[in-house]
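A.B. asks: The following block contains the structure, expressed as structure tokens.
The values are calculated or read from the model by the stated rules, or taken from the named source; none is laboratory data. Predicted model only: the values in this text are computed from it and were never measured. Every residue, glycine as well, gets a Cβ built from its backbone with ideal geometry; the counts of neighbours run over all protein chains shown.
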Amino acid sequence: MKKLLSVFYLTIAAALFFGTSAQTLKTGTTSAQILKLNVGPRAIGMGGAFTSVANDITSFYWNPGGSASIESNEAYFNHNSLYLDLNYDFAAVASNISGFGTVGAFVSVLSSEDMLVRTVEQPEGTGEFFNYGSIVVGLNYSRYLTENFSIGFNAKYINESIWHMSATGFAIDVGTLYRIQVLNELRIAASVSNFGTKMQMSGRDAIVNFPTGSGGDNLVNADLEMDKFDLPLLFRFGISADVIKENTSRLTLAVDAIHPNDHTEYLNTGLEYAWNEIIYLRAGYNSLFERDSEKGLTLGFGLNYRIVDMIKVKLDYAYQDFGRLKDVQYFSIGVNF
């Protein structure tokens, strides 16, 4: 197990730091951008440095191996109004089964407001409307293989649609998390997200009519074949530590290195201060060193409140600076029961 773990981490580290030092940027060449939208105000408030911190239901997105830390049942929902009139929703449920591990399910939905159909001949609109939408439905399984080492997997169905066209794909995620009892607790983690099929648009908007014959009076239908695009593959490697861990206070520092298949590598950094594991303050910086990034400072806070012995409510908020795009604010609610 130690040898396999060492090989896994070395492979991820090599891919992160040496894989594309001279790569040509492939921005805009991957499909299903919903897979790159960060999940959860807690993680976002920490600048996205969450791969090795992941220990709640949002681990499904950041590191599926982290969900092994869920000890009972958990349900979660967040709705966000993003830039450019986009709406993003994420919902998940998970349960820990004694002796088996953690199982869960999640769904992500990205949608746009209705937009006018415009053409060269009718730039003000044809009177028709269209919209864009994406949905991801996934299942998660994770467990501890040893007292300090957990591993997890996601299986995902992905669908994108725009007007009368749609594309479908499938992907898997794999993540691990290793805890070392030094500096209160040092955590090392790695994950691979969105390893799967290519996606290809198809539908009636790809059908065109070609005039034939001497007078062009006959029409022949032709079905245009759309190109296939890779999913946005992400390699994450994270390290975090509880630099302060006392009776009432905890301060966690974290850093993640991310290697995407369609852009430059970057770092996420963040911290979380907890008082009695009830009130949380967070700050971070997202996409440090990424070329042409519009992301930056993140801030957040959270509240965990136990209503009765078996039910605890989690409320989280985060703010993220998107540069020339508008700032985005995130809210979520979760229940442990």
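A.B. asks: Does ALA54 satisfy being of a type in the set (A, V, I, L, M), outside any loop (DSSP other than H, G, I, E, B) and surrounded by 24 or more Cβ atoms within 10 Å (Cβ to Cβ)? Step through it out loud before you land on a result.
C.D. replies: Numbers: of a type in the set (A, V, I, L, M): yes; outside any loop (DSSP other than H, G, I, E, B): no; surrounded by 24 or more Cβ atoms within 10 Å (Cβ to Cβ): yes.
Judged against the criteria, ALA54 is not a match.
A.B. asks: Listed residues TYR305, TYR319; which is in contact (Cβ under 8 Å) with a residue 12 or more places away in the chain and out of contact with any helix residue (DSSP H, G or I) (no Cβ under 9 Å at 6 or more places or on another chain)?
C.D. replies: Going through TYR305, TYR319 in turn, just one is in contact (Cβ under 8 Å) with a residue 12 or more places away in the chain and out of contact with any helix residue (DSSP H, G or I) (no Cβ under 9 Å at 6 or more places or on another chain): TYR305.
A.B. asks: For TYR144, all conditions in the list (1) touching a strand residue (DSSP E or B) at 6+ places or on another chain (Cβ under 6 Å); (2) of a type in the set (Ser, Thr, Tyr); (3) under 28 Å from LEU37 (Cβ atoms) hold save one; what is the number of the exception?
C.D. replies: In the conditions (1) touching a strand residue (DSSP E or B) at 6+ places or on another chain (Cβ under 6 Å); (2) of a type in the set (Ser, Thr, Tyr); (3) under 28 Å from LEU37 (Cβ atoms), TYR144 misses (3) alone.
Table: residues versus (1) among the hydrophobic types (A, V, I, L, M, F, W, C); (2) part of a loop (DSSP other than H, G, I, E, B); (3) over 17 Å from VAL174 (Cβ atoms).
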| position | (1), (2), (3) |
| --- | --- |
| GLY48 | no, yes, yes |
| ASN80 | no, no, yes |
| PHE90 | yes, no, yes |
| SER95 | no, no, yes |
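A.B. asks: While we're on this one: Out of the residues in segment 279-327 that are touching a strand residue (DSSP E or B) at 6+ places or on another chain (Cβ under 7 Å) and basic (Lys, Arg), which is farthest from HIS79 (Cα to Cα)? Please lay out each step first, then the result.
C.D. replies: Taking segment 279-327 as the starting set, the residues that turn out to be touching a strand residue (DSSP E or B) at 6+ places or on another chain (Cβ under 7 Å) are 279-290, 293, 295-307, 311-322, 327.
Now restrict to residues that are basic (Lys, Arg): 282, 295, 306, 312, 314.
Numbers: ARG282: 20, LYS295: 20, ARG306: 23, LYS312: 20, LYS314: 15 Å.
Result: ARG306.
A.B. asks: Additional query: Taking the condition touching a Leu at 6+ places or on another chain (Cβ under 8 Å) and closer than 20 Å to ARG42 by Cβ, does LEU253 pass?
C.D. replies: yes
A.B. asks: In the set SER240, SER193, which member is modelled with pLDDT of 95 or more, touching a helix residue (DSSP H, G or I) at 6+ places or on another chain (Cβ under 9 Å) and at negative phi?
C.D. replies: Working: SER240 fails: touching a helix residue (DSSP H, G or I) at 6+ places or on another chain (Cβ under 9 Å).
Of SER240, SER193, the one residue that is modelled with pLDDT of 95 or more, touching a helix residue (DSSP H, G or I) at 6+ places or on another chain (Cβ under 9 Å) and at negative phi is SER193.
A.B. asks: Where the second residue is aromatic (Phe, Trp, Tyr) and the first is over 23 Å from TYR88 (Cβ atoms) and lies in segment 113-129, which pairs have Cβ atoms under 9 Å and are six or more apart or on separate chains?
C.D. replies: Between residues of segment 113-129 that are over 23 Å from TYR88 (Cβ atoms) and residues that are aromatic (Phe, Trp, Tyr), the close pairs are VAL117/PHE129; VAL117/PHE130; VAL117/TRP163; GLU128/TRP163.
Residue-wise test of (1) under 20 Å from the mean Cα position of the chain (by Cα); (2) over 24 Å from ALA92 (Cα atoms); (3) polar (S, T, N, Q).
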{"residue": "ILE279", "(1), (2), (3)": "no, no, no"}
{"residue": "GLY296", "(1), (2), (3)": "yes, yes, no"}
{"residue": "LEU303", "(1), (2), (3)": "no, no, no"}
{"residue": "ARG306", "(1), (2), (3)": "no, no, no"}
{"residue": "ILE311", "(1), (2), (3)": "no, no, no"}
{"residue": "ALA318", "(1), (2), (3)": "yes, no, no"}
{"residue": "LEU325", "(1), (2), (3)": "yes, yes, no"}
{"residue": "GLN329", "(1), (2), (3)": "yes, no, yes"}
{"residue": "SER332", "(1), (2), (3)": "yes, no, yes"}
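A.B. asks: For segment 286-319, give me each residue that is assigned to a loop (DSSP other than H, G, I, E, B), within 17 Å of ARG42 (Cα to Cα) and of a type outside the set (D, E, K, R).
C.D. replies: GLY296
A.B. asks: Would you mind finding the one in ASP85, ASP89, ASP56 that is among the acidic types (Asp, Glu), out of contact with any Lys or Arg (no Cβ under 6 Å at 6 or more places or on another chain) and at positive phi?
C.D. replies: Details: ASP89 fails: at positive phi; ASP56 fails: at positive phi.
Only one candidate qualifies: ASP85.
A.B. asks: Please enumerate the residues belonging to segment 94-128 that are farther than 20 Å from TYR83 by Cα and hydrophobic (A, V, I, L, M, F, W, C). Steps first, answer last, please.
C.D. replies: Step one: of segment 94-128, the residues farther than 20 Å from TYR83 by Cα are 94-107, 117-128.
Passing the criteria: ALA94, ILE97, PHE100, VAL103, ALA105, PHE106, VAL107, VAL117, VAL120.
A.B. asks: When you scan segment 243-260, how many residues do you find that are closer than 26 Å to LYS295 by Cα and crowded, with 18+ Cβ neighbours inside 10 Å?
C.D. replies: As a first pass, look at segment 243-260 and keep what is closer than 26 Å to LYS295 by Cα: 251-260.
Cutting the leftovers down to crowded, with 18+ Cβ neighbours inside 10 Å gives us 252-260.
Count: 9.
A.B. asks: Would a scan of segment 163-172 turn up a residue that is assigned to a strand (DSSP E or B), hydroxyl-bearing (Ser, Thr, Tyr) and over 22 Å from GLY101 (Cβ atoms)?
C.D. replies: yes
A.B. asks: Read through the list (1) without any contact (Cβ under 8 Å) to a residue 24 or more places away in the chain; (2) over 25 Å from PHE130 (Cα atoms), then give the number of the only condition that ILE239 fails.
C.D. replies: Among (1) without any contact (Cβ under 8 Å) to a residue 24 or more places away in the chain; (2) over 25 Å from PHE130 (Cα atoms), the lone unmet condition for ILE239 is (1).
A.B. asks: Additional query: Between a residue in segment 137-166 that is without any contact (Cβ under 8 Å) to a residue 60 or more places away in the chain and under 24 Å from ASN73 (Cβ atoms) and any residue that is among the small types (Gly, Ala, Ser) and surrounded by fewer than 16 Cβ atoms within 10 Å (Cβ to Cβ), which pairs come within a Cβ distance under 7 Å, given they are 6 or more apart or on different chains?
C.D. replies: These pairs meet every condition: LEU139/ALA105; LEU139/ALA155.
A.B. asks: Can you report the number of residues in segment 130-155 which are farther than 30 Å from ARG179 by Cα and either among the acidic types (Asp, Glu) or in a loop (DSSP other than H, G, I, E, B) (or both)?
C.D. replies: Total satisfying the criteria: 1.
A.B. asks: On to the next question. Sort through GLY66, GLY127, GLY99 and tell me the only one that's outside any strand (DSSP E or B), of a type outside the set (A, V, I, L, M, F, W, C) and at pLDDT 95 or above.
C.D. replies: Sole residue among the options that is outside any strand (DSSP E or B), of a type outside the set (A, V, I, L, M, F, W, C) and at pLDDT 95 or above: GLY66.
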